[in-house]
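Peer 1: Dropping a structure here in structure tokens format, bear with me for questions.
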Amino acid sequence: MTYAPAPAPTAEPAPQTHPTLTLPAPFATSPDPPSLLTQGAEAIIYKISFLTPSTSCALKYRPPKPYRHPTLDKRLTKARLLAEARVLVKCRREGVRVPAVLAADWEAGWVGLEWVEGGTVRGVLDGWVHREEKEGAEGEGGKEKEMLDLMMRVGRAVGRMHEIGVCHGDLTTSNLMLRPFKKGKAKREEKDSTRDTVAPTQSSREAVRAQLAAGKGTVSAERETAMTAESTAPAPAPVTQDTQEGREKEDTAGSPTLAGDIVLIDFGLATQSSHDEDRAVDLYVLERAFAATHPAAEPLFREVLRCYGESYKGARVVLKRLEEVRMRGRKRSMLG
């Protein structure tokens, strides 16, 4: 009587491991191990404390690529890390809200960045769209006004970045952070940064409201709307102690998901460019992010471009170039 041989045990696939990181000197004394946040094609992001246990830091590490020649890999890592750090330093110096560079070592391939509290604009839009679908048209006035204000802040942030000659390269709603205001502190810095910016007109709000109520909206008139700045604006009401206290209560007790500063992150693909084509591509990438991840919120992008056109002097040429970039994108989509 013969027996069939027992089948050979199949080897289980080895678990995927992340590249090991030897903590550099500023982080070696951290009491907590680094917490992995995300891993991209070029870099890995960790959260770790910096110098003191109460100070959080985003550690961006570019691991060696085994498929590249070691000498070429070091050169590319150094060049890209230095380019990102220089762009961040320039943005901070010119008043653009970005994470501060705390430490860097281009030979080891890492850079320590300021930790930004809050969530992404993508998460805020997802929550807003979910509430709109759930609540319908009930009580939409106040939330809609806050969302329009948020879109204004996004347009101003992008316009300021382009004004100083920086193009992001990957401008999506996931790379826009909404950092909440500090509790107990009246937020008046926003007025300083918008002295030359006109508040959204009633007609623009009504137009966006109508598009949102219908569940549709086109972006064919964004360039005309963005290039049309109001010549006059109503005089601001005098700020008294009562109104100041009321604003403080709104900042602290208002919607925590919509009140805050717009902070741009992830400048790994950023360049210092003065070409209108690069700026238009930035806007096109952001527009496609709205259309792909937030279809119901796509009409809000019109408000982003409107405020972008008012906050950046060279926006007229950029928005005209954006139309050309859109046409090229449509042709590419049609041809596959």
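The values are calculated or read from the model by the stated rules, or taken from the named source; none is laboratory data. In this text, all values refer to a predicted model and were calculated from it rather than measured experimentally. Cβ sites come from the backbone with ideal geometry, for glycine too, and all protein chains shown count toward neighbours. Please note that ligands, DNA and RNA were not included when accessible areas were found on the heavy atoms of the full protein model with its side chains. Shrake-Rupley method; radii C 1.70, N 1.55, O 1.52, S 1.80 Å.
Peer 1: How many nm is it between the label spots at Y67 and H130, if each spot is 7 Å from the Cα in line with the beta carbon?
Peer 2: Once both label points are built, they end up 3.6 nm from each other.
Peer 1: Oh, and also: What's the ranking of 280-286, 293-299, 46-52 by average number of surrounding C-beta atoms within 10 Å, highest first?
Peer 2: Numbers: 280-286: 22.0, 293-299: 18.3, 46-52: 16.6.
My ranking of the peptides, most packed first, is 280-286, 293-299, 46-52.
Peer 1: Per residue, how many Å² of accessible area does region 35-114 show with a 1.4 Å probe? If you can, show how the numbers build up before the last one.
Peer 2: Values: 4280 Å² over 80 residues.
Heavy-atom SASA per residue in region 35-114 reads 54 Å².
Peer 1: Sequence-distant or interchain residues sharing an amide H contact under 5 Å with G119, placed H: which?
Peer 2: Under 5 Å from the amide H of G119 lie the amide H atoms of L178, each far enough along the sequence or on another chain.
Peer 1: To continue, here is another question. Protein chains only, probe 1.4 Å: how do V89, V166, V124 rank by accessible area, largest first?
Peer 2: Details: V89 75, V166 0, V124 20 Å².
Final ranking, largest accessible area leading: V89, V124, V166.
Peer 1: A further question follows. Using only the heavy atoms of the protein chains and a 1.4 Å probe, how would K320, K143, K90, K134 rank by accessible area, largest first? Present the calculation step by step, with values, prior to reporting the outcome.
Peer 2: Numbers: K320 125, K143 70, K90 40, K134 165 Å².
Listed by decreasing accessible area, they come as K134, K320, K143, K90.
Peer 1: If each residue of separation counts as 0.36 nm, what is the full-extension length gain between K143 and Q39 once their alpha-carbon separation is subtracted? Could you put the intermediate results ahead of the total?
Peer 2: Details: separation 104, 0.36 × 104 = 37.44 nm, distance 3.41 nm.
Between K143 and Q39, full extension yields 34.0 nm more.
Peer 1: Also: Can you give the extra length, in nm with one decimal, that the chain gains between A83 and K320 once fully stretched, where that is 0.36 nm per residue apart less the Cα-Cα distance? All intermediate terms of the calculation are to be shown ahead of the outcome.
Peer 2: Numbers: separation 237, 0.36 × 237 = 85.32 nm, distance 2.89 nm.
Net length gain for the segment: 82.4 nm.
Peer 1: Is region 35-114 rounded, prolate or oblate when judged by the Cα gyration tensor, a ≥ b ≥ c being the square roots of its eigenvalues, rounded requiring a/c under 1.5 and prolate requiring a/b larger than b/c? Intermediate values should be presented prior to the final figure.
Peer 2: Working: a/c = 2.22, a/b = 1.35, b/c = 1.65.
It comes out oblate by the Cα gyration axes.
Peer 1: Please list, in order along region 52-65, the HN-Hα scalar couplings obtained from phi with the Karplus expression 6.51 cos²θ - 1.76 cosθ + 1.60 (θ = phi - 60°), rounded to whole Hz, x for Gly and Pro.
Peer 2: 10, x, 8, 9, 8, 8, 9, 9, 9, 10, 9, x, x, 9
Peer 1: In terms of modelled amide H atoms, which long-range or inter-chain residues lie less than 5 Å from the amide H of D261?
Peer 2: Counting only residues 5 or more places away or on other chains, the set is R179, F181.
Peer 1: Starting at the first residue of region 89-101, write each ³J(HN,Hα) from the Karplus equation 6.51 cos²θ - 1.76 cosθ + 1.60 with θ = phi - 60°, in whole Hz, x for Gly and Pro.
Peer 2: Ordered by residue, 3J(HN,Hα) equals 5, 5, 4, 4, 5, 8, x, 7, 6, 9, x, 6, 7 Hz.
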